[in-house]
Structures are given as C-alpha cells and as structure tokens.
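All remarks here apply to the structure that follows.
What follows is calculated from the coordinates using simple rules that are stated; it is not laboratory data. Note that the structure is predicted; figures quoted are calculated from it, not measured. Virtual Cβ from ideal backbone geometry, glycine too; neighbours counted across all protein chains shown.
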C-alpha cells in the first residue's frame with residue numbers, strides 16, 4: 001500500500017494561548033504537513049507572536065519555517081488582547097525564548113510563494129487578524145484561485161461578539177483586511193466564535209483528563225490558557241477553557257465533524273465604530289427587494305461568498321484535541 005500523502009497546511013497566526021494549542025494539533029497530526037507558519041500582530045505584537053510560534057513548534061519537535069508578518073492592521077492602530085491572554089500571550093508564565101529565529105522572507109511573500117509551490121492543494125488556516133492574507137492578495141490577487149481551502153477563525157455571524165457586542169476580535173482588529181479577504185474569491189470556511197462556546201468549552205473534568213496525560217505538551221496546553229480561562233469566565237459567565245482557534249483547527253483537519261453549514265454573502269463593516277468588524281450574514285435572505293437580489297446574484301458570481309459553519313460535533317472536536325495532546 002502506498003503511503004498516504006499529507007495535506008499541505010499554511011497557518012497564519014497571532015500566536016497566543018489558544019493559537020498555540022491549534023498549532024500543536026496541526027504539527028502533531030499524521031494527516032497534514034505544516035509547510036509554513038506566518039505571524040501577525042493581533043493578540044500580541046508580531047514579535048511576540050513570532051516568538052510564541054517558534055517556541056510552540058520547538059515544544060513539538062518541529063522545524064517548520066516561521067515568517068514574521070504585519071506589525072499593524074492595514075489602516076488602523078494595533079490593539080492587542082493582553083487582558084485576555086497576558087502580556088506575552090501565553091498567560092505570563094515566563095517560558096524560555098526559542099532557539100530558532102524567523103525566516104528572512106516577509107509573511108505576505110511567504111504566503112504567495114507557498115501557494116505557488118502547492119497550487120490547488122494548499123489549505124490555509126487563519127487564526128488571527130487577516131492582515132497578512134490581505135497584503136498577499138494586494139500583491140497577487142490571483143493566488144485566491146489557487147488555494148484549496150481557507151479556514152478562517154473569525155467573526156460572529158448572527159450572534160454577539162467577544163470584543164464588542166457586534167464583533168469578534170480577529171475581524172474587529174483589522175476589518176479592512178477582513179473585508180478584502182471575504183471579497184477575494186478565496187474558498188473561505190468561516191469558523192465563528194460561537195462554535196467555541198457552550199458545549200465546546202472544556203469543563204473541569206475535561207481539563208483534568210488532559211492533565212492526566214502527564215506530558216509537557218498537555219501541561220503546556222492547559223497552563224498557557226490559565227489567564228484566558230479566568231478572562232472567559234469574567235466575560236461570559238461560562239466556567240472552563242474556550243478554545244476558538246483549536247476548534248477551527250479541528251474543523252480544518254477533519255471537516256466531517258461539521259454538522260451544519262451553508263454558503264452566504266458575507267459583508268464586513270468598516271465604517272461604523274458601533275459595529276466595526278461585524279460579520280453581516282443574510283442567513284434568512286431578508287434583503288429581498290429586486291436590487292438586493294441582483295446584488296446577491298452578482299456577489300455569488302464574483303465569488304463574494306463564504307461557507308458559514310453553524311455547528312459541530314463537540315464530542316468529536318474534543319476527541320481530536322485529546323488525540324493531539326496525548
């Protein structure tokens with residue numbers, strides 16, 4: 001029997017605590033080869049994001065190339081999320097510096113080069129603001145048609161956000177980049193913040209189950225999320241550890257765990273400060289006059305649509321996490 005060819009993954013990340021767990025899932029998966037990691041300013045400054053990505057890769061014994069990217073959003077100042085993830089993004093546990101350094105090529109150029117190296121096969125997974133992807137598309141819009149999948153952790157379609165009542169952080173942080181990516185024709189699968197809540201949250205017994213594996217990677221996965229666990233409880237009243245980026249990675253690794261999905265036009269608000277970064281999805285097709293119908297049809301013809309993931313099998317997502325951390 002011929003060996004199974006691993007699927008090539010490119011991961012774009014603003015590496016904080018949940019991003020690190022998502023990286024572990026991909027780097028330890030027997031199904032995929034992570035061919036590149038690109039870093040962006042988001043939860044933390046890009047320098048810290050890069051350091052965290054390199055540290056996580058080393059913890060997994062992986063030598064994946066890491067490319068540093070955008071230091072700030074396209075048109076806005078950078079606002080991090082240290083209140084949620086800690087100053088270093090990993091819960092402020094003073095992890096040692098990584099031994100490796102990032103590659104010289106910029107993240108945007110690395111994205112273009114990686115797509116060209118794997119035309120029609122590359123699967124992109126974005127875990128932070130979409131600045132690097134937008135910069136790559138500005139240079140080479142044609143790469144959108146050469147990507148097999150683009151799994152985006154971001155947005156809050158039809159529900160409240162986690163940074164404002166209207167918006168999820170990754171989209172809010174750089175809404176102009178998100179709008180450009182949504183309109184690019186990339187084959188987007190949008191994994192909204194809602195998929196990491198409620199039944200997807202790790203409860204106390206599930207956290208203890210992971211710690212029972214008694215290995216450094218499992219312990220790191222729980223420890224680096226210690227501040228995030230406290231912040232999530234203050235924010236939502238839900239106890240446990242919410243892991244948006246690992247949920248997105250689980251879906252990227254195994255799309256069959258999605259239990260409801262549908263294609264829709266996605267607009268991103270960039271003008272209003274009240275609704276900045278809102279991901280607007282006309283799920284019920286209520287924009288029903290003829291002008292809106294024509295705009296809808298033209299948007300679909302132009303590839304201005306995304307596949308929205310509405311629900312997943314939470315038991316299977318958690319089993320995927322356990323398998324990566326054992």
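Relative to the longest principal axis of the chain, what angle (0 to 90°, nearest 10) does the C-alpha long axis of helix 244-253 take? The two axes meet at around 80 degrees.
For region 1-118, the spread of Cα coordinates along the three principal axes comes to 51, 32, 23 Å, biggest extent given first. Over the chain, the fraction of Cα-Cα pairs per 10 Å bin, rounded to whole percents and listed from the shortest bin up, is 6, 29, 38, 21, 5, 1, 0. In the chain, the longest principal axis of the Cα atoms and the axis of helix 17-27 are about 90 degrees apart.
Express the relative contact order of the chain as a whole percentage, based on alpha carbon pairs under 8 Å and six or more residues apart in sequence. Walk me through the numbers before you get to the answer.
On the way: 711 pairs, mean separation 63.1, N = 326.
So the answer I get is 19 percent.
Taking the helices alone, the chain has a mean residue ellipticity at 222 nm of -11000 deg cm²/dmol, built from -39,500 (n - 2.57) per DSSP H run of at least 4 residues and averaged over all its residues.
By the beta-carbon count within 10 Å of each Cβ, the least crowded to most crowded order of 12, 94, 82, 88, fewest first, is 94, 82, 88, 12.
Ordering of 228-237, 132-141 by packing is 132-141, 228-237, highest average first (other Cβ atoms within 10 Å, averaged per residue). For the chain, the longest principal axis of the Cα atoms and the long axis of helix 314-325 meet at an angle of about 40 degrees.
Among 202-208, 122-128, sorting by the average number of other beta carbon atoms lying within 10 angstrom of each residue, highest first, gives 122-128, 202-208.
Among 316, 179, 149, a tally of other beta-carbon atoms within 10 Å of each Cβ gives an order, fewest to most, of 316, 149, 179.
Sorting 21, 247 by the number of Cβ atoms found within 10 Å of their own Cβ, with the fewest placed first, yields 21, 247.
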